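The values are calculated or read from the model by the stated rules, or taken from the named source; none is laboratory data. Quick caveat: nothing in here was measured; it's all calculated off a predicted structure. Backbone-built Cβ (ideal geometry, glycine too); neighbour counts: all protein chains shown.
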């Protein structure tokens, strides 16, 4: 009788996090006084980001937010 073997590949956590970041390219950034930005949340679609930004603007009316497409830079192949 033959027996099937199943092998599971392990993915290191760093590469999994990079892949997840690529899936969520749309982000809401909070604009800081020194003209820098801080990413508040990431989303897969722009419409999801717009909905959350409306909520943020209602709950924190004095804070400036903007929607950005923030794709992580590709690392050069070694």
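Some observations on this one:
- Criterion (at pLDDT below 95, in contact with a strand residue (DSSP E or B) (Cβ under 7 Å, 6 or more places away or on another chain) and assigned to a loop (DSSP other than H, G, I, E, B)) met by exactly one of 10, 63, 2: 63
- Filtered by the rule that a residue be more than 19 Å from residue 71 (Cβ to Cβ) and surrounded by fewer than 11 Cβ atoms within 10 Å (Cβ to Cβ), segment 35-53 gives a lone residue, 35.
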